[in-house]
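S.K.: Dropping the structure in here first, questions after.
The values are calculated or read from the model by the stated rules, or taken from the named source; none is laboratory data. Quick caveat: nothing in here was measured; it's all calculated off a predicted structure. Using ideal geometry, Cβ is built from the backbone for each residue, glycine included, and neighbour counts are taken over all protein chains shown. Side chains are part of the model used for accessible areas, which takes the heavy atoms of the whole protein and leaves out ligands, DNA and RNA. Shrake-Rupley method; radii C 1.70, N 1.55, O 1.52, S 1.80 Å.
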Amino acid sequence: MGKIFGFGIIGCGVISKWHADSIEKIEDAKIIGAYDTRLESAQKFAEERNCKAYETLEEMLACEDIDIVCICTPSGLHAKLAIAAANAGKHFIVEKPMAITKKQVIDMIDAVEKNKVKGAVISQLRFTPSIQRAREAIQNGELGRIILGDVYMKYYRSPEYYASAGWRGTWEMDGGGALMNQGIHGIDVLQYLVGPVVSVSGVCKTLTRDIEVEDTANLIVEYASGAIGTIQGTTSVEPGYPRVIEISGTRGTIVIKEDVIIRWDVDGKELSEDQIPKGNANSFRNPAGFDIDNHRRQIKDLIDAIKENREPMVNVYEGKKPVDIILAAYESSKTGKKILLY
């Protein structure tokens, strides 16, 4: 076996489990240590994963055995930590969103370029067979000219969910609500499938939850291809429903529920049921309601990108795209104007 890549985990909350479980299933990866602002959380994680608990971030980033860090903190800390990792010469993979302001995004990209490290942004849905097959169909012209690209994310998050951590639902640390936190995966996949979004018109409101950010949003987007679409996101719908992506062209329509193709009405092209494995995500009601397979695939992709000296599939430039759309939605809602991205 070749090199074993050492990992450090920054932030030992809920999502760190998915990163740790994924790393433990990758042959050429090993967890070296963990850091959390609450030392007791890092110590508990370290005891469970048989690794070291670091008392300071600087100590972790100085460890020569750590090649890659996983950033699993609240969103408002992502940029600061990613930049620190890059400046220490560490590759990193950061949970979504990569950052919550335009300046943070630019500063992260600058740090990656300056330090010549690999930066990846979690967008695990891109690694699912359904999304890859849908993208192939669109890229190959199987749907003809794309006319509509829509995503509907009618999620449920309880008042207790927002009350469970002081950073949830705040502009400073969450960066947004139904779009920036819960909806970013669907938004990323939609633009990944249909193509670049060139304009956004949106209305974002806080209708039911006692939070600073939006719990309900409706956007109209235009794509570079000329297609148009709707992005709908909420965290206040009872009882909560799976995310649905619908893409229609002149020769057919594909509908994806969570990570499963449920309709394949494509002229002249058949899709047998055994071509696409069934998914099991239920994160529309439970924030932790998804398995680790696609996190594992994405972390392995970063390792392979380092080995092969290529960009990871979802690098910082790709991670920027859904953040740009969401920030444009907030600006549009605030000003009442259509926001041009390009």
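S.K.: How large is log10 I(q)/I(0) at q = 0.11, 0.15 Å⁻¹ when the Debye formula is applied to the Cα atoms of segment 2-134, each weighted equally and without solvent?
M.R.: -0.37, -0.69
S.K.: What percentage of the solvent-accessible surface of the chain, computed with a 1.4 Å probe over protein heavy atoms, is contributed by carbon and sulfur atoms?
M.R.: 49 percent
S.K.: Quick one: Karplus J couplings for segment 82-96, per residue in order, coefficients 6.51, -1.76, 1.60, θ = phi - 60°, nearest Hz, x for Gly and Pro?
M.R.: 5, 5, 4, 5, 4, 5, 8, x, 9, 6, 8, 10, 10, 5, 6
S.K.: Can you pull out the GluC sites (Glu not before Pro) in segment 101-210 that DSSP calls coil and that have at most 16 other Cβ atoms within 10 Å?
M.R.: Those that pass, being in a loop and sparsely packed, are 172.
S.K.: Right, something else. Calculate, in nm to one decimal, what residue 87 and residue 158 gain on full extension: separation in residues at 0.36 nm each, minus their alpha carbon distance.
M.R.: 21.7 nm
S.K.: Using every alpha carbon pair in segment 89-210, what percent of pairs falls into each 5 Å bin from 0 up to the bin containing the largest distance?
M.R.: Spelled out per bin, shortest first, that is 2, 8, 15, 18, 18, 16, 13, 7, 3, 0.
S.K.: Set the Förster distance to 35 Å, then compute FRET efficiency between residue 310 and residue 212 from the Cβ-Cβ distance, nearest 0.05.
M.R.: 0.30
S.K.: Still on this structure, I have one more. Distance cut-off 24 Å, Cα to Cα: go down the list 80/320; 30/118; 269/320; 25/80 and report the pairs above it.
M.R.: Those over the limit are 269/320; 25/80.
S.K.: Where the centroid of each part is defined by its Cα atoms, how far is segment 299-321 from segment 67-124 in Å?
M.R.: 12 Å
S.K.: Given charges of +1 on the Cβ of Lys and Arg and -1 on the Cβ of Asp and Glu, with all other atoms neutral, how large is the dipole of segment 86-174 about its Cα centre, in debye to the nearest 20?
M.R.: 180 debye
S.K.: Test of understanding: what is the full-extension gain from residue 172 to residue 48, defined as 0.36 nm times their sequence separation minus their Cα-Cα distance?
M.R.: 41.5 nm
S.K.: Next question, about the same structure. GNM, the chain, Cα, under 10 Å: largest mean-square fluctuation among 161, 223, 152?
M.R.: 161
S.K.: Put a dot 7 Å past each Cα toward the Cβ at residue 115 and residue 103; how far apart are the dots in nm?
M.R.: Placing both labels 7 Å beyond Cα along the Cβ direction yields 2.0 nm.
S.K.: Could you work out the percent of alpha carbon pairs in the chain separated by over 37 Å, rounded to a whole number?
M.R.: Of all Cα-Cα pairs in the chain, 16 percent lie more than 37 Å apart.
S.K.: Kindly express, to the nearest 10 degrees and within the range 0 to 90, the angle between helix 293-308's C-alpha long axis and the longest C-alpha principal axis of the chain.
M.R.: Tilt of helix 293-308: around 70 degrees.
S.K.: Dipole magnitude of the chain about its Cα centre, charges +1 at Lys/Arg Cβ and -1 at Asp/Glu Cβ only, in debye to the nearest 20?
M.R.: That gives the chain a dipole magnitude of about 580 debye.
S.K.: Ordered by residue, what ³J(HN,Hα) values in Hz, to whole numbers, does segment 133-142 give under the Karplus form 6.51 cos²θ - 1.76 cosθ + 1.60, where θ = phi - 60° and Gly and Pro are x?
M.R.: 5, 5, 5, 4, 4, 5, 5, 7, x, 5
S.K.: If you average 1/r over every pair of different alpha-carbon atoms in segment 157-251 and take one over that average, what Kirkwood value in Å do you get?
M.R.: Result for segment 157-251 stands at 14.3 Å.
S.K.: Among 125, 325, 341, flag the residue with its Cα farthest along the positive direction of the charge dipole of the chain, charges on Cβ as +1 for Lys/Arg and -1 for Asp/Glu.
M.R.: The listed residue farthest towards the positive side: 341.
S.K.: Hey, can you find the accessible area per residue of the chain for me, probe 1.4 Å, expressed in square angstrom?
M.R.: Solvent-accessible surface per residue comes out at 44 Å².
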